[in-house]
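Before any comments, here is the structure.
The values are calculated or read from the model by the stated rules, or taken from the named source; none is laboratory data. Just so it is clear, the model here is predicted, and its values are computed rather than measured. As a convention, Cβ positions derive from the backbone with ideal geometry for all residues, glycine included, and neighbour counts pool all protein chains shown. In case anyone asks, the SASA skips ligands and DNA or RNA and just uses the protein heavy atoms, side chains included. Shrake-Rupley method; radii C 1.70, N 1.55, O 1.52, S 1.80 Å.
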Amino acid sequence: MQGNNMSTLRVLLIGDVVGDTGCTMFQKHINHVREKYHIDAIIVNGENSASGGKGITSRIVKFFKHNGVDVITTGNHVWAKREIYDYIAQHHDVLRPANFPMGVPGVGVATFECKGQTIGVINVQGRVFMRDLIDCPFRTVESILTYLRSKTKIIFIDFHAEATSEKMAMAYFVEGKVSGVVGTHTHVQTADERILPGGTAYITDLGMTGSLNSSLGMKKDVIIKHFLDQMPVKFEVSTDMPVIMTGVWIEVDVHSGKAIKIERVKILDDNLHIHNTLGD
């Protein structure tokens, strides 16, 4: 990939990819985004990338890797497809939240090499308005950083959380200790991207890759019915146009690990031919 210069790296972080719609959108536009913004590394949240909009499979992991993704983060839907359990247990390119209970498959932190530099990625899940009984994300991150910062100063956190206040608190908690904190889970891109005084880039939510005229990537009529009558329904991935892909790219000084620029990315496509190439 074409980089910027020897002293900086640009990392692209893409919000929750939803079903076949999101995967098709990602595949169609990722090369253009990579070239336009001179991206060196890519981190994607893939917990909703299976055809039904929940979970991820090993075939989808290979799909992302084939399209240049370095690390895939997840969240509360990571276990939706049982087939992924063995893969996560054996590979470190797909993360599950690090504050999940001890003994579950996989890891919540990984490193990879990019242009001679080591990049660290931490995946944690929030607790406010989230149903899962999980460990404190703040103490978990604090513990991970005690050893990860001895390996690299270039560190990104995907904080998969519901509450804006919890995401902001995490950013201030690790300010100056990591290169960037990005929120996922709510599927709506926020407009608060900035670099905190300590050199940590932040955005409350990356958004999603999926149908714009939907309810978080799902068919809106089904969701509305559920809110009206509270009856159980099967959520279905929306294929309505246009489709969006949102996220941010963050430029980092490789010597200090501090962010020097953050910019939102938003691609719209109103002529996407959605297909299932993954067979999941």
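For R149, tell me the accessible area in Å² from a 1.4 Å probe, rounded to the nearest 10.
We get 100 Å² for R149.
Just report the Cα centroid separation between region 88-127 and region 210-280, whole Å.
Centre-to-centre (Cα) distance: 22 Å.
List, in order, the whole-Hz ³J(HN,Hα) value for each residue of region 134-143 obtained from phi through the Karplus relation with A = 6.51, B = -1.76, C = 1.60 and θ = phi - 60°; use x for Gly and Pro.
Computed from phi, the couplings for region 134-143 are 10, 6, 4, x, 5, 5, 5, 5, 4, 5 Hz.
Pick the calculated Cα Rg over 2.2 N^0.38 Å for this structure from (i) 0.94; (ii) 1.19; (iii) 1.00?
Only one option fits the structure, namely (i).
Given the pairs K54/K225; K167/K219; K36/K266, which span a C-alpha to C-alpha distance of over 18 angstrom in this model?
Over 18 Å apart, Cα to Cα: K54/K225; K167/K219.
With the dipole of the chain worked out from charges on the C-beta (+1 for Lys and Arg, -1 for Asp and Glu) around the Cα centre, which of P242, A98, F26 lies farthest toward the positive end?
A98
Nearest-5 percent of antiparallel DSSP beta bridges in region 62-165?
Antiparallel bridges: around 45 percent, rounded to the nearest 5.
Near the amide H of V254, under 5 Å away, which other amide H atoms are found, from residues 5 or more places off or on another chain, if H is placed in the peptide plane?
Under 5 Å from the amide H of V254: T8, L9.
Considering every Cα-Cα pair within region 53-190, what fraction, in whole percent, is farther apart than 23 Å?
31 percent
Can you give me the % of accessible surface on the chain that is carbon or sulfur? Probe 1.4 Å, all protein chains present, nothing else counted.
Its accessible area is 52 percent carbon and sulfur atoms.
Name the residues whose placed amide hydrogens come within less than 5 Å of the amide hydrogen of K261, ignoring near sequence neighbours (fewer than 5 apart) on the same chain.
E251
With the other protein chains left in place, how much accessible area per residue, in square angstrom, belongs to the chain at a 1.4 angstrom probe?
43 Å²
D for region 217-280, whole µm²/s, Stokes-Einstein with Kirkwood Rh over alpha-carbon pairs at 10 °C and 1.306 mPa s: what number?
Diffusion coefficient, whole number: 102 µm²/s.
Given charges of +1 on the Cβ of Lys and Arg and -1 on the Cβ of Asp and Glu, with all other atoms neutral, how large is the dipole of region 78-124 about its Cα centre, in debye to the nearest 20?
120 debye
Treating the beta-carbon of each Lys and Arg as +1 and of each Asp and Glu as -1, no other charges, what is the dipole magnitude of region 84-231 about its Cα centre, to the nearest 20 debye?
220 debye
Mind listing the long-range amide H neighbours of K81? Cut-off is under 5 Å, sequence gap 5 or more, other chains count too, H placed in the peptide plane at 1.01 Å from N.
Hits under the 5 Å cutoff: I56.
Excluding A80 itself, what net charge comes from residues whose Cβ is under 9 Å from its Cβ, given Lys and Arg +1 and Asp and Glu -1?
Value of the local net charge: +2.
Which of rounded, prolate, oblate describes region 126-280, given a ≥ b ≥ c as roots of the alpha-carbon gyration tensor eigenvalues and a/c under 1.5 marking rounded, otherwise prolate only if a/b is larger than b/c?
Verdict is prolate for region 126-280.
Apply the a/c threshold of 1.5 to the C-alpha gyration tensor of region 23-115 and tell me whether it is rounded, prolate or oblate.
Oblate, because a/c is 1.5 or more while a/b does not exceed b/c.
So, by mean Cβ neighbours within 10 angstrom, what's the order for 67-80, 228-241 with the highest one leading?
Result, highest mean Cβ count within 10 Å first: 67-80, 228-241.
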